[in-house]
Amino acid sequence: MKAGRFGGNVVVWGVCVVALCAFSLQGQPLKPAAKKHSTTHKSAVHAHTAKSRAKKRTVSTAASRAKSAALKRAFVASSQLRPMAQQLSQMRTPAAYGGVLHYAQSHTGEAAATAYLALGHAYLLDKKFPEAVSALHSVTVHGKELDDYGDYLAAQALMESGRFADAASQLNGFAEKYPDSIFAGNLPTLMGTLQTQAGDPQAALRTLQAAQATAIGNHADFQYALARAYQVAGDSAKAAELYRHIYATLPLSNEAGMSRTQLQQMSAVGQAQALTYAEHEAHANALLAAKRYGDAANEFHTLAGTLTTNSLVAPAGARNRALAAAAYADFKHSRRLNRNEVAAIEDSADESGARRLYLLMEEARDRNDEGAVRGFLDQMAQRFPESRSRDEALFSAGNMYLLKKDYPAAIAVFLAEATTFPTSNYAPYCHWKAAWLNYRLQNYPEAARLMEEQIARYSAGSEIPGALYWRGRIYEEQEHNAAAALAYYDALLKVNQGSYYALLAQPRVAALGNVEPQTIVALASLTPPKVPEITDELPEDDPHLQKARLLANAGLNEYMAAEIQMSPTSASWGALAQAQIFASYGENARAMRILKTAVPQYFSAPFNSIPIQYWGILFPLPYAPQLKTDSENAGLDPLLVASLIRQESEWNPQVVSDANAYGLMQLLPSVGKQMAKKQGIRHLNTSQLLDASTNLRLGTVYFKQDLDHFDGHVEYALAAYNAGVDRVEDWKTIGTYHDMPEFVESIPFTQTRDYVQGILRNQAIYRRLHPEFVAGNQAR
């Protein structure tokens with residue numbers, strides 16, 4: 001969060017449409033990092049193996065090479081269109097339309113076809129269907145490399161404008177004409193829908209039944225199309241059966257709600273039985289389990305209202321169960337309690353009663369009434385000892401005592417949770433907090449026991465690096481057993497080489513010198529994360545890769561991933577290819593997120609096990625000249641500032657957070673204006689904080705202000721940048737810290753603790769990627 005305002009980490013894009021992220025014309029194309037960073041024997045062997053295996057799976061034919069060559073020519077011919085098309089896909093202003101239209105009219109061949117596709121796609125998004133159809137038909141007139149997109153999107157425009165027969169005609173022969181199109185697999189669903197809407201449900205049934213046994217037959221949209229065809233054809237029984245199946249087994253799909261509406265309409269005229277109470281409740285519980293709390297709350301409120309009118313046959317206690325679930329979902333959604341909702345829940349001996357006590361406990365916590373909190377915990381222990389609601393109550397109460405700095409009480413509650421609910425999602429966290437708080441109380445034997453227990457019980461948990469490091473510290477500093485300490489440090493470096501804790505362990509390993517590590521059986525089972533098979537060698541003869549690049553020129557970003565995935569070898573290179581496309585025109589945040597998803601273990605894995613091209617996208621450095629100038633003018637390490645920006649905004653200059661923080665360094669408007677005044681900038685508009693140059697200049701000055709406040713201690717300054725100076729001053733007073741890592745581990749806000757550790761970890765990787773920035777920088 002962002003410049004001293006603690007809060008959630010969710011961001012709202014400054015400008016976005018459909019599936020597109022904000023586009024910045026200021027972003028610079030990413031240049032591959034020099035190969036000298038990956039020349040170790042280990043990395044060379046890894047890269048050779050991954051590339052060789054990728055090559056073995058690649059099938060290149062004369063036809064595919066010819067197709068790739070044609071797509072490359074189309075890409076080159078339309079390369080100047082990309083900035084205009086990307087802007088149109090996001091802004092869709094008259095000026096953006098005019099620029100792309102002028103390009104289309106002043107070019108021929110594939111360049112014109114690509115521009116008309118950009119126009120047709122934009123018109124379709126704006127629901128200007130006649131204009132969309134006209135532009136999309138021009139795609140096939142001027143070129144051929146994007147004809148499948150032109151035809152398919154034209155059919156969509158025709159369908160959405162009610163011209164169902166014309167849309168079906170547009171798609172006749174599509175699969176035969178474009179067998180490798182990404183749309184071919186979804187064709188039966190669209191064709192069946194069109195045929196039903198055009199008044200020919202029997203044709204729709206033939207189309208859909210022929211594909212029912214294929215993979216698409218399991219998709220919610222396919223099953224809904226089939227149900228509609230049966231319904232329009234007069235087979236209400238089969239239609240109702242399918243609608244019920246979608247509602248029950250695919251509750252998170254859009255078609256689930258549509259199916260419920262159809263069943264309600266059919267039951268109103270006697271064509272189907274109404275959904276039962278059990279079906280409604282199962283659906284709402286599925287939404288709750290998926291953490292779609294707002295949707296779940298609405299479902300439970302509706303269900304409770306229906307039960308009030310006795311329009312559903314339900315078992316005793318059903319309405320109270322719905323009220324309790326609705327109140328719980330509302331609380332999880334908004335993090336605010338509705339006292340009237342809680343008061344309406346009856347005290348009962350089932351899970352509804354347990355939820356009632358949990359919500360009452362949360363209400364007492366909000367009132368800062370510790371006595372009431374303890375009372376509700378005692379009631380739950382007596383009446384609902386194994387309830388999921390008690391599990392949540394213990395987790396919440398433990399955090400309450402942690403924030404109140406009542407460590408003995410926090411330890412007792414956290415251990416009660418971990419002991420009673422050892423397989424709970426909260427258990428690893430609670431167990432670790434009990435271990436760490438014992439360390440803070442200098443109860444080192446108990447802390448050591450719990451840390452060893454943590455490693456044995458939760459070996460795959462995110463707390464393991466910390467447990468290994470701090471158990472090693474106890475061995476080293478309290479038990480004076482260097483060999484055992486080294487064994488723990490070595491285990492940490494083996495299983496999580498890129499973590500914050502590994503940074504702490506490395507100098508300790510060096511300081512221990514030639515000590516032989518002790519053999520500790522409990523550590524032998526810990527293994528490093530498995531990195532997926534990836535390669536940095538892209539198959540340039542793959543037509544789907546080339547087509548994805550061409551789609552970027554047309555601004556059709558949302559189709560690029562599907563196009564790349566059509567290649568049978570894309571599992572090892574597809575994410576990199578897609579990320580490189582986005583990075584090439586400044587979409588660093590989008591590119592970074594693609595690789596974070598594709599290689600989620602990147603922070604744990606050995607650096608040399610991942611090709612350097614991946615690291616360059618995961619840790620970009622745009623705006624480098626100004627970053628260096630502004631950082632050094634403020635007396636800051638440019639790579640520390642880069643690491644902060646990566647954590648704050650992922651290098652998206654247009655991002656605005658839910659706490660109203662702006663731009664690269666996530667400055668609040670009030671902070672921006674204060675810093676602008678100090679810099680002699682008058683009348684700063686909030687929108688200027690979305691300008692990368694302005695944001696960098698003001699953000700570096702602001703961060704230096706925090707750093708100076710804490711006498712150059714980076715960890716304090718980073719924590720203050722996220723959670724505020726006053727909180728950090730308060731946290732500094734909690735007992736005695738032997739060193740800065742103890743302070744960082746003791747930060748009570750998980751978000752802030754992860755934030756500080758993440759930035760310091762980022763900085764280490766940036767220094768490895770950019771040694772030219774390291775020598776002579778001024779910050780510590």
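Of note:
- Count of segment 584-619 residues which are over 14 Å from the mean Cα position of the chain (by Cα) and either open to solvent by less than 10 Å² (accessible area, probe 1.4 Å) or of a type outside the set (Ser, Thr, Tyr) (or both): 19
- Taken over segment 594-622, residues that are among the charged types (D, E, K, R) and under 19 Å from residue 549 (Cβ atoms) amount to 0.
- Applying the criterion of at least 3 residues that are within 26 Å of residue 205 (Cβ to Cβ) to the helices (runs of 4 or more DSSP H) found wholly in segment 238-315 leaves 254-268.
- Within segment 254-307, restricting attention to residues that are of a type in the set (Ser, Thr, Tyr) and open to solvent by 20 Å² or more (accessible area, probe 1.4 Å), the residue that is farthest from residue 352 (Cα to Cα) is 267.
- From 396, 348, 352, residue being buried (at least 20 other Cβ atoms within 10 Å of the Cβ), free of Cβ contacts under 8 Å to residues at least 60 places away in the same chain and hydroxyl-bearing (Ser, Thr, Tyr): 352
- Tabulated pairs, segment 221-249, first open to solvent by less than 50 Å² (accessible area, probe 1.4 Å), second acidic (Asp, Glu), C-beta under 6 angstrom, 6+ apart or interchain: 224/255; 246/255
- Pairs are defined by a Cβ separation below 7 Å, a sequence spacing of at least 6 or placement on different chains, a first member in segment 358-371 that is touching a residue at least 24 places away in the same chain (Cβ under 8 Å) and aromatic (Phe, Trp, Tyr), and a second member that is open to solvent by less than 30 Å² (accessible area, probe 1.4 Å) and not in a loop (DSSP other than H, G, I, E, B); the pairs so defined are 358/389; 358/392; 358/393.
- Members of segment 318-332 found to be more than 13 Å from residue 278 (Cα to Cα) and either buried (at least 17 other Cβ atoms within 10 Å of the Cβ) or in contact with an Asp or Glu (Cβ under 9 Å, 6 or more places away or on another chain) (or both), listed by number: 320, 323, 324, 325, 326, 327, 328, 329, 330, 331
- Selection count where residues are open to solvent by 20 Å² or more (accessible area, probe 1.4 Å) and of a type in the set (Ser, Thr, Tyr), scope segment 193-213: 2
- Residue in segment 533-555 that is over 30 Å from residue 115 (Cβ atoms), out of contact with any Lys or Arg (no Cβ under 6 Å at 6 or more places or on another chain) and open to solvent by less than 30 Å² (accessible area, probe 1.4 Å) present: yes
- Residue in segment 134-153 that is buried (at least 23 other Cβ atoms within 10 Å of the Cβ), touching a residue at least 60 places away in the same chain (Cβ under 8 Å) and not in a loop (DSSP other than H, G, I, E, B) present: yes
- Within segment 171-192, the set of residues being open to solvent by 40 Å² or more (accessible area, probe 1.4 Å) and either farther than 19 Å from residue 211 by Cα or among the polar types (S, T, N, Q) (or both) comprises 172, 186.
- Count of residues meeting criterion [touching a residue at least 60 places away in the same chain (Cβ under 8 Å) and within 19 Å of residue 144 (Cβ to Cβ)] in segment 86-109: 0
- When segment 378-393 is filtered for residues that are open to solvent by less than 20 Å² (accessible area, probe 1.4 Å) and outside any loop (DSSP other than H, G, I, E, B), the ones remaining, listed by number, are 380, 389, 391, 392, 393.
- One residue stands out in segment 424-442 among those that are outside any loop (DSSP other than H, G, I, E, B) and open to solvent by 20 Å² or more (accessible area, probe 1.4 Å): the one that is nearest to residue 364 (Cα to Cα), namely 429.
- Filtered residues of segment 169-179 (kept if among the small types (Gly, Ala, Ser), more than 37 Å from the chain's Cα centre (by Cα) and part of a helix (DSSP H, G or I)): 169
- Residue within segment 686-697 that is assigned to a loop (DSSP other than H, G, I, E, B) and among the charged types (D, E, K, R) present: yes
- Among the residues making up segment 748-765, a single one is touching a Phe, Trp or Tyr at 6+ places or on another chain (Cβ under 6 Å), open to solvent by less than 30 Å² (accessible area, probe 1.4 Å) and either free of Cβ contacts under 8 Å to residues at least 40 places away in the same chain or farther than 17 Å from residue 716 by Cβ (or both): 765.
- Residue within segment 410-423 that is open to solvent by less than 10 Å² (accessible area, probe 1.4 Å) and in contact (Cβ under 8 Å) with a residue 40 or more places away in the chain present: no
The values are calculated or read from the model by the stated rules, or taken from the named source; none is laboratory data. Keep in mind the model is a prediction, meaning the values are calculated, not measured. All Cβ positions, even for glycine, are placed from backbone atoms using ideal geometry, and neighbour counts span all protein chains on display. Accessible surface is based on the protein model in full, side chains and every heavy atom, while ligands, DNA and RNA are left aside. Shrake-Rupley method; radii C 1.70, N 1.55, O 1.52, S 1.80 Å.
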